[in-house]
Each structure stands twice: as structure tokens, then as C-alpha cells.
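The values are calculated or read from the model by the stated rules, or taken from the named source; none is laboratory data. This is a predicted model, so every value here is computed, not measured. So basically every Cβ, Gly included, is an ideal-geometry build from the backbone, and we count neighbours across all protein chains shown.
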Amino acid sequence: MFSIAVQPPAQARANAKLYPPVIAKGRPAGTTEIDAPYLFATAVLRDADGNLSLDRLRGTLSATGLCLEETRSSSGTGQPVAFMFPDLSVAYEGSYSIRVDVYYVDYQDGQGAVLVDQVETRMFDISDLDVPSQRPSSEERSIIRKLRDQGHPVPSSPV
């Protein structure tokens with residue numbers, strides 16, 4: 001279903017925007033491009049023990065689904081949907097991961113939003129020291145480039 005298409009950096013400074021930005025990508029079963037506006041995701045921070053650290057993650061913690069136009073869908077079910085979190089930062093030192101919860105808003109069944117998937121980034125470290133910036137992998141750069149080419153404001157490297 002969903003996966004983390006762009007991972008956060010392995011190390012970052014406290015209160016600095018994470019670059020590359022976290023981007024999740026996928027498609028819930030039974031949906032099409034028309035359903036993209038009805039999909040949204042939230043980001044939550046988890047510490048090294050798996051506990052939620054709600055007061056430590058800063059920035060825009062929710063994202064609307066963006067159709068990630070590709071030349072051909074490998075699954076044959078249409079284009080994947082991406083969720084970008086362009087300005088996340090972590091306030092305190094420690095080791096963390098970010099869990100992305102994906103929801104579908106179903107106005108017809110009366111439940112409102114239904115959780116359809118959860119995916120988690122790899123662990124990363126936050127310190128109070130300056131750390132070198134990290135380049136996205138070639139696959140991650142490809143996702144970032146596709147989003148930029150489609151007019152979505154993906155942040156650039158801070159250096």
C-alpha cells in the first residue's frame with residue numbers, strides 16, 4: 001500500500017527543518033486519481049522506545065494527497081498518491097522515527113475519516129550540534145523532481 005518514498009536525514013540539528021523532507025507514497029486499494037483529494041496523512045514522532053513524542057515534532061503535521069503523475073502505473077490501478085511534509089523539525093535531541101498515518105475521508109458512510117495505512121521512517125538522530133547536510137538518494141531525488149515538475153513546492157537543500 002504505502003511506503004516512505006523519501007526518508008528524513010540520518011542526522012539533523014534540533015529545530016532545523018528536516019531535509020530531505022519526508023514523503024510517503026502509495027495507493028489505498030480500490031481508489032483512483034479522483035479519490036486523491038479525499039486522502040490525507042498526519043505525521044507523528046516516535047522516540048527510540050516507540051512512544052509517541054507529540055510535543056517534539058514541529059511544522060505542518062498534516063498533508064493532503066497529491067497525485068504523483070507517472071508515465072505508467074506498475075500496479076495498473078492508476079497513479080500513486082504522495083504526501084509531503086516540507087517543514088518538519090524536531091525540538092529536542094534524541095533518536096526518533098516519524099510515523100505517517102494515511103486516512104480516507106468517506107462522506108457516504110458517516111464515519112468521517114478511516115485509517116487506511118501507517119508507515120514509518122527509519123530512525124534518525126537529532127542533536128544540538130551542527131551536522132552536515134544530507135543528499136537524497138537517486139530514487140528520492142526522482143520523487144522530489146516529479147513533484148517539483150508538477151508544480152508542488154518541495155523545499156531545496158539548505159546549503
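When the stretch 12-58 is filtered for residues that are touching an Asp or Glu at 6+ places or on another chain (Cβ under 7 Å) and closer than 19 Å to P158 by Cβ, the ones remaining, listed by number, are R13, A14, K17, P20. I'd like the full set of residues that are without any contact (Cβ under 8 Å) to a residue 40 or more places away in the chain and small (G, A, S), limited to the stretch 99-136. Result: G110, G112. Listed by first and then second residue, the pairs linking a residue in the stretch 55-69 that is at positive phi and without any contact (Cβ under 8 Å) to a residue 24 or more places away in the chain to a residue that is part of a loop (DSSP other than H, G, I, E, B) and not acidic (D, E), with Cβ atoms under 7 Å apart and 6 or more places separating them unless they lie on different chains, form an empty list. Among the residues of the stretch 23-68, the ones that are aliphatic (A, V, I, L, M) and outside any strand (DSSP E or B) come to 7 in all. Taken residue by residue, the stretch 25-48 has at least one member that is at positive phi and surrounded by 15 or more Cβ atoms within 10 Å (Cβ to Cβ). Only one of the numbered conditions (1) under 22 Å from L57 (Cβ atoms); (2) of a type outside the set (D, E, K, R); (3) in a strand (DSSP E or B) is not met by L129, and that is (3).
Before we move on, is T121 modelled with pLDDT of 95 or more and either in contact with a Cys (Cβ under 8 Å, 6 or more places away or on another chain) or among the β-branched types (V, I, T) (or both)? Judged against the criteria, T121 is a match. Go over the candidates Y96, Y92 one by one and state the one that is in a loop (DSSP other than H, G, I, E, B) and touching a residue at least 12 places away in the same chain (Cβ under 8 Å). None of the other options fit; the residue is Y92.
Residue count for the stretch 68-95 satisfying the condition of being more than 20 Å from E140 (Cβ to Cβ), surrounded by 16 or more Cβ atoms within 10 Å (Cβ to Cβ) and either β-branched (V, I, T) or at pLDDT 95 or above (or both): 1.
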